[in-house]
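S.K.: Dumping the structure here so I can ask a few things about it.
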Amino acid sequence: MPKHKEGMPTQLLLVLLSWLMLASAAAVNQTETMPGCQAKCGSLNVPYPFGIGRDCARAIYTTIRCNTTFNPPRPFLARSLFEVVDISPTEIRLKNDIATACYTQDGVFIEETDHQAYMNLLGSPYTYSSTKNKLTVIGCDTMVLTFGTEALNYSSGCLSICNKRENVIEGSCSGSGCCQTTIPKGLNEFYAQVDTLNNYTNVWSFNPCGAAFLAETDAYTFKASDFSNFNSVSSLENVPFVVNFAVDNQTCNAAKKNSTRYACKENSDCIDTVDATGYLCNCSGGYAGNPYLNQGCQDVNECEDPNNNPCEGICTNTIGSYNCSCQADSYGDGRKDGTGCTKKDKNIPVLQLTLGLGLGLLFVLIGGSSLYLTIQKRNLIKLREKYFQQNGGLLLKEQISSHEEDRLFQLLETGIAKEGSTEQVHAVVELVTRCLHLKGAKRPSMKEVAAELELLRGFKRQLAKQQNNEENMAEEYRHVDFAASPPSSYSPDVLLDNTVWNGQ
């Protein structure tokens, strides 16, 4: 009984885990296919806009026909005989259609082996990939012509020649037993027919057949055994070729004008195809899923895997993006493709503290010195004001004020007032006023004071000399007798021209 109790939680846990796995699988399918649609045919996943059955596909050319007469079932592209090998977001891979021809030892063509390859993608947005496919021809007496008819005026060919089995270079398609050539961009119709120069009579012992097909370059490696018999040639149909996929045969700009028909859903981008006119949808950066389904592009949690996320430090997921940051003891952008995270130097805080204290002390010293000088200056001003008051400054100030009010000579002593001229007294007072200015920059220097006083003294001497000259001249004029009689030689005729007075 105790064992039974111990087993119950384990069974419940297994049931719960199974349910979660089923739910997870259902959720995955829900994001890849339309609701209620079959997700697989055989081993092939069929994501929307492809779908198994017309109601599950976006268009007739993305409809997959699942042939259940095979075991396992095989998927075919609707309205064609092309078996689908793989579906990716930008391209699909299909099994080949091989052009073949075999001859008897006598050079007689075997009708049963005659097959002309014709692959038609007209009316769909598909094109044969010009970058991943090559026209491939095998055989030692094989000549192939290929055409593109209605959609693209194109023709090409390839010639493969060799005389002996030993001349065949396996793994190389350089013209000896195998040749390859490119196809044009935008090709959506392909026709190939095998021909021969000598009906294989010279090489029949090791090469009775020739073949031509479109081959994905990376999917086919040439072997001489490939053309040894008809069965070997026919098996080349398993070599896939690549078809470029487009969701519609319009450009992005044209498709966006019709919102009901436009295929790209939220959080996705539209991309114009390269090989032909058409467009694809792709989930925007930071999102993943199916861009052709509503809510098909979901946020990617870049931080979910701690070993493979893009951050070297702390990874924080955001909707459609992520943020990288560093721990508190590190610095940098935290990204693996950026500066990453670098440990901070432990000496840096000490250096910062020392530098901060030094700058703070310097600031205190400068501030203290400035404050000290300001206080000293104020004390000096107060001392000057006190000295000014103690040494008759108020009286001098009153006298200066009286100068401004024209009462200066009422306050001056008579002797001082008469000592110089009015101009001199006013000039001296103005000089004293300037000397008493509280701002040192506006006070005259001692040299300037001496120079101005010397000018005033010179002016006084010049004025005294002029006054003395005027007094001497006045004294001389006092001794002249203007009433005395004229000299004896004086005659009126000498003073006046008689002819003028006589009218002559």
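Rundown of residues vs (1) out of contact with any strand residue (DSSP E or B) (no Cβ under 9 Å at 6 or more places or on another chain); (2) more than 30 Å from Arg79 (Cβ to Cβ), yes/no style:
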position: Thr142; (1), (2): no, yes
position: Leu145; (1), (2): no, no
position: Tyr154; (1), (2): no, no
position: Arg165; (1), (2): yes, yes
position: Cys173; (1), (2): no, yes
position: Phe190; (1), (2): no, no
position: Gln193; (1), (2): no, no
position: Pro208; (1), (2): no, yes
position: Ala212; (1), (2): no, no
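S.K.: Would you confirm whether any residue within the stretch 345-358 is outside the structural domain of Ser268 (by TED's automatic domain parsing) and surrounded by 16 or more Cβ atoms within 10 Å (Cβ to Cβ)?
M.R.: no
S.K.: Looking for whichever is under 29 Å from the mean Cα position of the chain (by Cα) and under 28 Å from Ser124 (Cβ atoms) here; the options are Cys303, Cys281. Which one fits?
M.R.: Working: Cys303 fails: under 28 Å from Ser124 (Cβ atoms).
Cys281 is the lone residue from the list that is under 29 Å from the mean Cα position of the chain (by Cα) and under 28 Å from Ser124 (Cβ atoms).
S.K.: Here's something else I'd like to know. Just one of the numbered conditions (1) within 30 Å of Ala99 (Cβ to Cβ); (2) outside any strand (DSSP E or B) is not true of Glu302; which one?
M.R.: (1) is the only condition that Glu302 fails.
Yes/no matrix, rows are residues, columns are (1) modelled with pLDDT of 95 or more; (2) assigned by TED's automatic domain parsing to the domain that holds Ala59; (3) part of a helix (DSSP H, G or I); (4) not polar (S, T, N, Q):
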site	(1), (2), (3), (4)
Ser205	no, no, no, no
Thr221	no, no, no, no
Val233	no, no, yes, yes
Glu237	no, no, yes, yes
Ser259	no, no, no, no
Ala263	yes, no, no, yes
Val274	no, no, no, yes
Cys281	yes, no, no, yes
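S.K.: Quick one: Asp333 ticks every box in (1) in contact (Cβ under 8 Å) with a residue 24 or more places away in the chain; (2) in contact with a Ser or Thr (Cβ under 8 Å, 6 or more places away or on another chain); (3) outside any strand (DSSP E or B) bar one, so which box is it?
M.R.: Asp333 satisfies every listed condition except (1).
The values are calculated or read from the model by the stated rules, or taken from the named source; none is laboratory data. No experiment lies behind these values; they were computed from the predicted model shown. Heads up, the Cβs are rebuilt from the backbone with ideal geometry, glycines too, and the neighbour counts pull from every protein chain shown.
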